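To start, the structure itself, in structure tokens.
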Amino acid sequence: MIKIKNLSKQFGKNEVLKDISLDIKTGEVVAIIGPSGSGKSTLLRCINNLETATKGEVWFKDQEVTGKKTDIQKIRTKIGMVFQHFHLFPHMTVLENVMYAPKTVNGLSSADAAAQAKELLSKVGLLEKADEYPARLSGGQKQRVAIARALAMKPEVMLFDEPTSALDPEMVKEVLDVMKSLAGSGMTMAIVTHEMGFAREVADRVLFLDEGKLVEDASPQEFFSSPKSERARAFLEKVL
Ligand code: ADP
Ligand code: MG
């Protein structure tokens, strides 16, 4: 579904991604792990061209994301993204948040958008909050709304950038549970996370980044029990 070929990204003289190549297959769940500043967010953002690659190519199915003539807006509707800090629309209710993009981008009728939004809210366990404003929700609830909102565009792949890092500990599980059930439904997912237990349990593959390099690309079993690189070993010693 996603193919990255020799991707490099520089901010000025700072090369933050160095010659990265990887594939994400349909239905695969990939955890992206690594120290702070190693380039995880930048890598994720290059997938939908929120950051533009300096060198190399990114492909989404048969379309080149990095191509000059590509309609990136159209591709972005197929790639859902969830951030650490939710980014809900504060002046809209929960239901309106989830209805907004399908209505404005895809031209769904209000009735259809509302019906779909309710279905998604019930999937993430928040139907009873449909008419609340985001400010009245807990962090875990906000993040579940953000996931429902991303799903409303019927994405083919979901990108998560540390979706639980801003949450109080007691709210982490409710969000991970939603992500786990999404993974179980066959969604293709790339997840930047510090939740090692979740990565081990849910991911099909672990990518370990360090200083902009893809240092390991392994199964969770391999990665967590016998990491090949010294850097991954040192990282795991600190976080496990
Ligand atoms: P991670 O998500 O692994 O913590 P990031 O991808 O956010 O790492 O950042 C990788 C490196 O790129 C860091 O050194 C960071 O300071 C730098 N960086 C990220 N975004 C920008 C930007 N918009 N402008 C300049 N430097 C940036
Ligand atoms: Mg980051």
> To the nearest 10 Å², what's K103's accessible area with a 1.4 Å probe?
Replying inline: 80 Å²
> According to a simple spin-label model (label point 7 Å from Cα along Cα-to-Cβ), what is the distance in nm between S229 and D71?
Replying inline: 3.9 nm
> If you plug each phi of the stretch 179-184 into the Karplus form 6.51 cos²θ - 1.76 cosθ + 1.60 with θ = phi - 60°, what whole-Hz ³J(HN,Hα) values come out, in order, with x for Gly and Pro?
Replying inline: 5, 5, 6, 5, 4, x
> So in the chain, what percent of DSSP beta bridges are antiparallel if you round to the nearest 5?
Replying inline: 55 percent
> Which value, in Å² and to the nearest 10, is the accessible area of R200 when all protein chains are kept and the probe is 1.4 Å?
Replying inline: 130 Å²
> Computed FRET efficiency, Cβ-Cβ of M92 and R45, R0 35 Å: what is it to the nearest 0.05?
Replying inline: 0.90
> Which whole-Hz couplings ³J(HN,Hα) result when phi for each residue of the stretch 229-240 is put into the Karplus expression 6.51 cos²θ - 1.76 cosθ + 1.60, θ = phi - 60°, listed in order with x for Gly and Pro?
Replying inline: 9, 4, 5, 5, 4, 5, 5, 5, 4, 6, 9, 8
>> Report the Cα centroid-to-centroid distance between the stretch 54-84 and the stretch 113-127 in angstrom, as an integer.
In response: 27 Å
>> Using a probe radius of 1.4 Å on heavy atoms only, what accessible surface per residue do you get for the chain? Whole Å² is fine.
In response: 48 Å²
> Can you tell me the Rg and Dmax of the stretch 1-125, counting just the alpha carbons, in angstroms?
Replying inline: 17.0, 51
> Which whole number of Å³ per residue matches the convex hull of the alpha-carbon atoms in the stretch 89-199?
Replying inline: 100 Å³
>> Quick check: residue separation of E211 and S165 times 0.36 nm, minus the Cα distance between them. What number comes out in nm?
In response: 14.5 nm
> Starting at 0 and stepping by 5 Å, how many percent of the alpha carbon pairs of the chain end up in each bin?
Replying inline: 1, 7, 14, 17, 19, 16, 12, 8, 4, 1, 0, 0
> If contacts are Cα pairs under 8 angstrom and at least 6 residues apart, what is the relative contact order of the chain in percent?
Replying inline: 26 percent
>> Please report the antiparallel percentage of the DSSP beta bridges confined to the stretch 129-240, to the nearest 5.
In response: 50 percent
>> Keeping all protein chains in place and using 1.4 angstrom, which order do T70, T104 fall into by accessible surface area, from largest down?
In response: T104, T70
> How much of the accessible area of the chain, in percent, comes from carbon and sulfur atoms when a 1.4 Å probe is used?
Replying inline: 49 percent
> When the chain is fully extended, how far beyond the present Cα-Cα distance does S36 get from E132, taking 0.36 nm per residue of separation?
Replying inline: 31.1 nm
>> Output the 0 to 90 degree angle, nearest 10, between the alpha-carbon long axis of helix 94-104 and the longest principal axis computed from the alpha carbons of the chain.
In response: 80 degrees
> Taking the Cα centre of each part, how many Å lie between the stretch 1-42 and the stretch 184-210?
Replying inline: 14 Å
> Beyond 13 Å, what percent of the Cα pairs of the stretch 8-50 remain?
Replying inline: 60 percent
> How much of K118 can a 1.4 Å solvent probe reach, expressed as accessible area in Å² and rounded to 10?
Replying inline: 100 Å²
> What list of whole percents do you get for P(r) of the stretch 156-240, with Cα-Cα distances grouped in 10 Å bins up to the one holding the largest distance?
Replying inline: 16, 49, 31, 4
>> Quick check: residue separation of N106 and Q10 times 0.36 nm, minus the Cα distance between them. What number comes out in nm?
In response: 31.1 nm
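The values are calculated or read from the model by the stated rules, or taken from the named source; none is laboratory data. Everything numeric in this text was worked out from a predicted model, so none of it was measured. Quick reminder, even Gly has a Cβ in these numbers, built from the backbone with ideal geometry, and neighbours come from all protein chains shown. Heads up: the accessible areas ignore ligands, DNA and RNA and are worked out on the full protein's heavy atoms, side chains in. Shrake-Rupley method; radii C 1.70, N 1.55, O 1.52, S 1.80 Å.
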